[in-house]
Amino acid sequence: MRVRIAVAVMTVLLLLYVVLAGQRALVLLSSGEAVGVVMGVALLVLPLLALWAIGRELWFGVRAQQIGERLDAEGGLPDEDLPVRPSGRIERADGAALFPRYRAEVEADPADWRARYRLALAYDAAGDRRRARDAVRTAIRLEAAERRGR
């Protein structure tokens, strides 16, 4: 729940930034001076890029949650009971110990989105966020392809 609140706050702050930057951009664009027009265009482009980036991340989060819930409903989430730190995160060494099992599942069936999602959870438990996100992205693509193939 804390993550959702943080995402909501950051999104509201970004929207406020976009509105304020847009107002300044209009003032600069209407100045008629070359430097003002260039700065005005930059103030329009940068917030649009920020909106695109936050939208992409929000959509990634929604899709990751959707397929995680689907996998949970199917009973396919890992059921290991690992020790956690006071923060609630799994100890990295324990998470890394799970990795070979889930990597073997992916190697056995590279097109299985469920195996990719479990591998992402193992990467995350081992503290490798970049690979975890890559594995979730792949799982999202594979799950979407499976749904279209029905």
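Roughly how tilted is helix 129-149, in degrees to the nearest 10 and between 0 and 90, from the longest Cα axis of the chain?
80
How far apart, in nm, are the 7 Å Cα→Cβ label points at A97 and T11?
Rounded to a tenth, the inter-label distance reads 3.9 nm.
Treat each spin label as a single point 7 Å out from the Cα along the C-beta direction, and report the R137 to R89 distance in nm.
About 2.2 nm separates the two model spin labels.
With semi-axes √(5λ) of the Cα gyration tensor in Å in mind, check [x] 34, 14, 12; [y] 41, 18, 13; [z] 44, 19, 10 and report the label derived from this structure.
[y]
Using alpha carbons only, how many degrees (0 to 90, rounded to 10) separate the axis of helix 92-108 from the longest principal axis of the chain?
Orientation of helix 92-108: about 80 degrees from the principal axis.
Starting from the alpha-carbon convex hull of region 92-149, give the projected area averaged over all orientations, in nm².
Value for region 92-149: 3.3 nm².
List the relative contact order of region 2-73 as a percent without decimals, with contacts defined as Cα pairs under 8 Å and 6+ residues apart.
Reported relative contact order: 26 percent.
What are the ³J(HN,Hα) values, in whole Hz, obtained from phi via the Karplus relation 6.51 cos²θ - 1.76 cosθ + 1.60 with θ = phi - 60°, for each residue of region 67-78 in sequence order, with x given for Gly and Pro?
6, x, 5, 5, 5, 5, 4, 7, x, x, 6, x
Taking only DSSP H segments of four or more residues, each worth -39500 (n - 2.57), what value at 222 nm results for the chain once the sum is divided by all its residues, to the nearest 500 deg cm²/dmol?
Computed ellipticity for the chain at 222 nm equals -28000 deg cm²/dmol.
I'd like the orientation of helix 2-29 relative to the chain: the angle between its Cα long axis and the longest Cα principal axis, in ° from 0 to 90, rounded to 10.
That helix lies at roughly 20 degrees to the long axis.
A short reminder: the numbers here are calculations on the coordinates, not readings from a lab. Here the structure is a predicted model, which means the values were calculated and not measured. Heads up, the Cβs are rebuilt from the backbone with ideal geometry, glycines too, and the neighbour counts pull from every protein chain shown.
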